[in-house]
1. Using 1/(1 + (r/R0)^6) with R0 = 41 angstrom and r between the beta carbons of residue 269 and residue 37, what's the FRET efficiency to the nearest 0.05?
2. Determine ³J(HN,Hα), in whole Hz, for all residues of region 80-87 in sequence, where each value follows from phi through the Karplus function 6.51 cos²θ - 1.76 cosθ + 1.60 and θ = phi - 60°; x replaces Gly and Pro.
3. What dipole magnitude, in Debye to the nearest 20, does region 50-324 give about its Cα centre under +1 on Lys/Arg Cβ and -1 on Asp/Glu Cβ?
4. So how do 293, 271, 280 line up by other beta-carbon neighbours within 10 Å, fewest first?
5. Only sites in a loop by DSSP and with at most 16 other Cβ atoms within 10 Å count here; which trypsin sites (Lys or Arg not before Pro) in region 214-302 make the cut?
6. Starting with the fewest neighbours, write out 103, 204 ranked by other beta-carbon atoms found within 10 Å of each beta-carbon.
7. Can you sort 249, 239, 122 by how many other beta carbons sit within 10 Å, fewest first?
8. Leaving out same-chain residues fewer than 8 places away, which aspartates and glutamates sit with a Cα under 12 Å from that of residue 234?
Amino acid sequence: MKTYTKCCLAIAGIFATAMASLITTDRVKEHKEKKKFTAYGFPVETEYGNMRAVNAGEKGPQIVILNGYGSASPYLEFKPLMKSLSRFARVTVLEPLGYGCADDTKRPRTIENIVEELHAALNALNLKKVWLMPHSISGVYSLAFANKYPERVEGILAIDPSHPQQIDYFDTSTQNKISFFLKNMGLLRLTKGPVHGEENYGADYNAEELNMMRMMYLWHNHDIPQCNEAQHIKSNMNLCRNMGYPEHLPVLMMLASENVKNFDDWWLQLHDEQLSTTKHGKMTILKGNHFLHLTQSTQIAECSRKFIRDTLLRKLEEAEKQLKK
């Protein structure tokens with residue numbers, strides 16, 4: 001055997017041994033972490049599996065917060081916002097299948113299944129009609145839900161929601177594939193900080209919460225549900241491509257200033273066109289990046305409170321006019 005071939009085989013052997021060691025170390029640490037972990041909140045039992053929920057607030061309108069794609073722990077991520085909202089509303093952070101402390105699932109992550117599961121969760125929680133507060137990709141899921149189950153939606157309070165037609169402008173599939181590869185090779189654990197980068201989190205998050213989110217991100221990033229959801233993003237968005245909000249649905253759209261600036265030729269325009277399908281829509285631009293809730297929980301809560309108040313006053317005025325007829 002030639003010296004060159006021997007060297008190549010030796011290098012390949014060393015590389016394979018190193019990769020096997022990284023993967024083994026990652027899986028062993030994950031197993032130990034999960035044994036020590038205590039789940040928060042309570043299970044939401046549905047025919048599709050157990051989701052997870054955490055409640056806050058004792059009175060006021062019912063708000064259900066829905067996370068974006070890849071959230072490590074929806075509850076921990078939205079905890080500061082939940083606290084701000086609970087001052088005037090009842091708030092539920094719902095962790096869907098494959099996220100946070102919810103069960104995993106092998107059900108395809110089609111928008112039909114996701115919408116069906118959300119409906120089942122609201123039934124299990126005995127929530128008849130709610131304000132949905134979606135972030136990112138769940139903005140598309142909420143759009144589909146409001147069209148299929150309009151009687152269950154009081155209104156939408158969207159935090160920089162995804163738009164179905166954004167797939168025409170950028171594609172995140174390559175980024176997702178790289179992330180899954182790093183996880184499966186045990187390399188993702190070598191990175192530092194939580195999923196969105198520690199520098200993007202506000203002062204309302206402590207070191208323990210940030211560490212827990214990073215840990216849970218490592219657990220879920222390679223799981224079947226999120227891999228499958230990533231594969232369905234394009235088809236799910238295409239199904240909602242020309243879908244608008246129901247005509248009388250109150251919709252508050254809170255867009256991130258950085259996205260408006262960075263995608264100045266289409267981000268604002270697409271959302272403005274989408275909002276025009278309802279007679280009761282309002283748009284506001286808040287300072288920050290796509291993950292507005294990490295730093296602007298107080299402002300998001302205040303914008304939401306005012307919009308809900310104005311909606312209730314408008315409905316009261318409309319009811320009074322009907323009585324006078």
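Computed from the coordinates by the stated procedures, all read-outs in this text should not be read as laboratory data. Given the structure is predicted, the values throughout are model-derived calculations rather than measurements. When we count neighbours, we look across all protein chains shown, and the Cβ atoms used for this are built from the backbone with ideal geometry, even at glycine.
1. The pair residue 269/residue 37 has a calculated efficiency of 0.40.
2. x, 5, 4, 4, 5, 5, 5, 6
3. The calculation lands at about 560 debye.
4. 280, 271, 293
5. Listed in order of number, the matching sites are 241, 279, 287.
6. With the fewest neighbours first, 103, 204 line up as 204, 103.
7. Fewest-to-most Cβ neighbours within 10 Å comes out as 239, 249, 122.
8. Leaving aside aspartates and glutamates fewer than 8 places away in the same chain, those within reach of residue 234 are 168, 171.
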